[in-house]
Structure formats: C-alpha cells, structure tokens
1. Charges at C-beta only: +1 for Lys and Arg, -1 for Asp and Glu. How large is the resulting dipole of the stretch 40-163 about its Cα centre, in Debye rounded to 20?
2. Under the classification rounded if a/c is under 1.5, otherwise prolate if a/b is larger than b/c and oblate if not, where does the stretch 66-189 fall, given a ≥ b ≥ c as square roots of the Cα gyration tensor eigenvalues?
3. On full extension of the chain, what length is gained from residue 36 through residue 149, given 0.36 nm per residue of separation minus the C-alpha to C-alpha distance?
4. Ranked highest first by the average count of other Cβ atoms within 10 Å around their residues, in what order do 102-112, 35-45, 72-82 fall?
5. Probe 1.4 Å, all protein chains in place: accessible area of residue 33 in Å², nearest 10?
6. Could you go through the stretch 162-172 in sequence order and give the Karplus-derived ³J(HN,Hα) for each residue, using 6.51 cos²θ - 1.76 cosθ + 1.60 with θ = phi - 60°, rounded to whole Hz, and x for Gly and Pro?
7. Just name one of 164, 74, 125: the one whose Cα is farthest towards the positive end of the charge dipole of the stretch 66-189 (beta-carbon charges, Lys/Arg +1, Asp/Glu -1).
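The values are calculated or read from the model by the stated rules, or taken from the named source; none is laboratory data. Owing to the predicted nature of the structure, the values given are computational and were not obtained by experimental measurement. Cβ atoms come from the backbone with ideal geometry, glycine included; neighbour counts cover every protein chain shown. Heavy atoms of the whole protein, side chains included, go into the accessibility calculation; ligands, DNA and RNA do not. Shrake-Rupley method; radii C 1.70, N 1.55, O 1.52, S 1.80 Å.
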Amino acid sequence: MTGHVLEGIGELVRGVPPESTQQAVGYPSLFLLVVLGSLVPVVPTGAVVSSAAVVAIHQSVPPLSLLVVFGVASFAAFLGDIALYWLGRRGLSSKNGSRWLAQLQGRAAPERLAQARARLDEHGVAVLVLSRLLPAGRIPVMLACLLSHLPMRRFARGDAPAVLAWSGAYALIGILGGSLFARPWEGVAAAIALTVLLSTAPTLWRRTRARREAHGEATG
C-alpha cells in the first residue's frame, strides 16, 4: 500500500510544471495560505513555509528563491497577525463583542492566558517573538495584548521581528529536510513530518504531565 502511494507521489513530482509556472502559482499560494492560517488556524502555516523552502532549494537559483519564500511568508504572517489583532480590538470596543474575539478567547486556556499576561508585563512586546516560535503560543499572547489594551502600533513593532524569526525557523526546517533528499517530494514529506512533530510534542508532554500529576494526587 505504501509503495503504491510513494509511486503515485513520484509520478506527480515527475509531472510538475516548469519553474516559472511553479513560482507564478506557488508564491501567491504561499501568501494566501499563511494569511488564512494566521486568521483561522486550520492551515498548518509552519508546514507550508517549510514545504515552500524545500521547493526553493531545488530551484535554479536557490538563494534567491529562499529569500522570496522568506519575504512572502513573513509579510503574509505579519498582515494576518495585524488583521486578527485589529478584529480583536474591534470586539473589545463593541458592546456585543465579536466572533473573532470569542474565537481568540476560546483558543486560550485560562492558565496559559495568565502566564502570557505575566510575561507581557515582565518582558513587554519582546514576548511576541517567543510566542511565535512556541506551538500554540501565539494566541494566548495576542489575547493578553488585547486585554492589556496594547496599542496597534506597539503590537506591530513587536510582531515584526516575531514573524521574521518564525519564517526563518520554518524555512530552516525546510532547508534541512530538502538537503537530506534528492527528490523534492521526499524533502517536503520530511519537513512536514518534522513540523508536525514540533507542533504536537509540547501538547502531548503537557497532557502527560497533567495525567501524572492527577494520578499522583489521586494516589496520594
């Protein structure tokens, strides 16, 4: 079964369009997917950037292609963050709130929100950089900024280096994955697997620790 799947992927890769067509379609797609993933977390944006970096290193001018991927991903993530923050601010100022603000609040556990507010008070907007790199860390910190009534301009100043660090980190994962394999689709698969592992490992670790603590309290 696995062999047939790999053969099918191989056929798709062998039939990929020319490099110019890939770029004409790939860069706008990267932009749209990252913006969408910043607004609605249904798209694994880290995996998208890593996959784009894998494809970039197999282009005719890898440094230039990687630079474009980095720039497009960073700009798209920045726009998505700013748009979501603006929507959240509108919800705060509205008597009836907004579905965007409710969505943010629903995705931030109370204990994580409390930790984010404490870090924001201690480190200021610099905490945005770390929040972008930690799986599921962006929303609690963004919500903490909203509840602290952080001005849009100050949020933007903190978010700019955050999205640059985020794009660079996931592009590096793609470079590593693509460098290990001669075929682009193998590098893409490796990059996606690594990003999924990095995004799920902290959650699994927290759940395991919580179960152990609950078991210890029950037996104690």
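1. 400
2. prolate
3. 38.2 nm
4. Most protected by this proxy first, the peptides run 72-82, 35-45, 102-112.
5. So the heavy atoms of residue 33 present about 70 Å² to solvent.
6. 5, 6, 5, 5, 5, 4, x, 5, 6, 5, 5
7. 125
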